[in-house]
Amino acid sequence: MLSKEVFKKVKSLLQRDPRLRESDAALMARIWWNDLVALSKDPSEMSATEFFVLMTDKKLSSYEGITRGRRKIMQECPELRGTTYAARKKKANDVKNQSRDWNNHII
């Protein structure tokens, strides 16, 4: 089940910063940065070990929850989709059609 808190974080960031609509990595980094600040940690002064301990202890938002939230938000709010969304959908349809054509030639 999608956490309402994570859903709110993701939606708020997608509304405020269009660059985050294009990259899961950028969205993850921003959310984890904000999570660390909320824990009174300075992300620029942390070691990777400290970060991974917090992640393992579930003190940071989960990757799966964030990406699930992003997908749900983009499904419900098309205006929050990135500019590459349409291009990715078109490419996926092109590949699907090519694979159908390829299968017809084999049989």
Options Gly65, Gly69, Gly82: the member that is among the small types (Gly, Ala, Ser), at pLDDT below 95 and touching a Phe, Trp or Tyr at 6+ places or on another chain (Cβ under 7 Å): Gly69
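Kindly indicate which of Lys59, Lys41, Lys4 is farther than 21 Å from Glu79 by Cα and without any contact (Cβ under 8 Å) to a residue 24 or more places away in the chain. Don't jump to the end; show me each part of the working.
Numbers: Lys59 fails: without any contact (Cβ under 8 Å) to a residue 24 or more places away in the chain; Lys4 fails: farther than 21 Å from Glu79 by Cα.
Residue meeting the stated conditions: Lys41.
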Per-region count, the stretch 27-46, residues of a type in the set (S, T, N, Q) and over 18 Å from the mean Cα position of the chain (by Cα): 2
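Within the stretch 77-90, restricting attention to residues that are of a type in the set (D, E, K, R) and surrounded by 10 or more Cβ atoms within 10 Å (Cβ to Cβ), which residue is farthest from Leu13 (Cα to Cα)?
We begin by selecting, within the stretch 77-90, every residue of a type in the set (D, E, K, R); these are 79, 81, 88-90.
Those still in the list that are surrounded by 10 or more Cβ atoms within 10 Å (Cβ to Cβ) too: 81, 88-90.
Details: Arg81: 12, Arg88: 22, Lys89: 23, Lys90: 26 Å.
Per the stated criteria, the residue is Lys90.
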Failed condition for Ala26, given (1) crowded, with 17+ Cβ neighbours inside 10 Å; (2) under 24 Å from Gly82 (Cβ atoms): (1)
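The values are calculated or read from the model by the stated rules, or taken from the named source; none is laboratory data. Note that the structure is predicted; figures quoted are calculated from it, not measured. Note: ideal-geometry Cβ built from the backbone for every residue, glycine included; neighbour counts use all protein chains shown.
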